[in-house]
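Okay, so here's the structure we're looking at.
The values are calculated or read from the model by the stated rules, or taken from the named source; none is laboratory data. Computed from a predicted structure; not experimentally measured. No Cβ is skipped: glycine too gets one built from the backbone with ideal geometry, and neighbour counts run over all protein chains shown.
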Amino acid sequence: MPRLAKLLRVPVPAGRGPGQPWRPGTPPPAPAPAGTPGADIRVGYARCSHLTQELRSQLDALAAHGIPRDKIFAEKVSTRVRVRPKFEAALEACRQIKAYAPHCRVILTVYEMKRLGRDSAELTALADHLTAHGIVLEMLAGPLPGVYDPTGTGRVLFAFFAAMAETEREAIREATLEGLNAAARKGRHGGRPPVITGDMLHTVLRRRASGEPVESIRPDLIIPAGKRKGRNPSLASIYRALAEHDRRQRYPEAVEQARADLAALQAAT
């Protein structure tokens, strides 16, 4: 109850605070009257899939949108994991706020749609849950930015983008599986084109982040092995490696699934 009162910014009974028991006979705060002027109350949620990924950019975006840090729930957990404690806590906070302040518009805010679920079925089920509890969804980036009220044609549009995300995830899994399989047949493991090594890719990412164009970085990259050893990689090879890196960052679960599929295939053969 104290956390709920803090979220709603309403006074709590005297003597009630952390570590203090609720005394019998002390009534809980009553819901606000129906005629009370409404307001928007936002609850933020941030998620990334791996311990090596960072949450700071999402947290900063949510904070810049005016959401206090005590209303932001964050966790590092894969969407393949069905139980996400902080996500459930964010939904519970939204439900409690809506119950005690039905006159307010309660908004669950995330940075982008893929932070919510891994497939269209899961996202559609979430839309049903939000509709049942009168909660609005807001996305700050991605294919569907803005405030989403999961009713009417908005729900159809949301389901369409969810299906697109699922299709892209499957395409990345298949492409990664093909690359890993081809590399394994040649005695290599990892799937990345051998022209661009991990160190070279790290150099490109670091220098490009500081504002350097790829064209000026290319002369400093030297192929360490193979037929083109000692030469500079082509721009096409660099851009392919960057595109692959971006896909891995968007859907790391798809890459994990491809590796698992390859291991199962190798075990079966």
- request: Report whether or not E212 is exposed (fewer than 14 other Cβ atoms within 10 Å of the Cβ), within 31 Å of the chain's Cα centre (by Cα) and at pLDDT 85 or above.
  value: yes
task: Determine whether A162 is within 30 Å of V136 (Cα to Cα), outside the structural domain of L126 (by TED's automatic domain parsing) and assigned to a helix (DSSP H, G or I).
output: yes
- prompt: Among the residues of the range 100-118, is there at least one that is modelled with pLDDT of 95 or more, of a type outside the set (A, V, I, L, M), within 16 Å of Q58 (Cβ to Cβ) and touching a Lys or Arg at 6+ places or on another chain (Cβ under 6 Å)?
  reply: yes
query: If you check every pair at least six apart or on different chains, which have Cβ atoms under 7 Å apart with a residue in the range 258-269 that is under 10 Å from E174 (Cα atoms) first and a residue that is of a type outside the set (S, T, Y) and modelled with pLDDT under 80 second?
result: A258/L180
query: Of the residues in the range 58-93, how many are assigned to a helix (DSSP H, G or I) and either touching a His at 6+ places or on another chain (Cβ under 6 Å) or at pLDDT below 90 (or both)?
result: 0
- prompt: Can we say E122 is among the charged types (D, E, K, R) and in a strand (DSSP E or B)?
  reply: no
- prompt: Do any residues in the range 167-195 that are β-branched (V, I, T) have Cβ atoms under 6 Å from those of residues that are outside any helix (DSSP H, G or I) and modelled with pLDDT under 75, where the two are at least six apart or on different chains, and which pairs are they?
  reply: I172/Y251
statement: Over the range 76-92, the set of residues under 20 Å from L59 (Cα atoms) and either surrounded by fewer than 21 Cβ atoms within 10 Å (Cβ to Cβ) or free of Cβ contacts under 8 Å to residues at least 12 places away in the same chain (or both) is K76, V77, S78, T79, R84, P85, K86, E88, A89, L91, E92
- request: Spot the failing condition for Q96; the list is (1) farther than 30 Å from M113 by Cβ; (2) modelled with pLDDT of 65 or more, and only one is missed.
  value: (1)
field: Check on L123, buried (at least 20 other Cβ atoms within 10 Å of the Cβ) and at pLDDT below 85
entry: yes
- prompt: Quick one: would you say R228 is outside any helix (DSSP H, G or I) and either surrounded by 13 or more Cβ atoms within 10 Å (Cβ to Cβ) or modelled with pLDDT under 80 (or both)?
  reply: yes
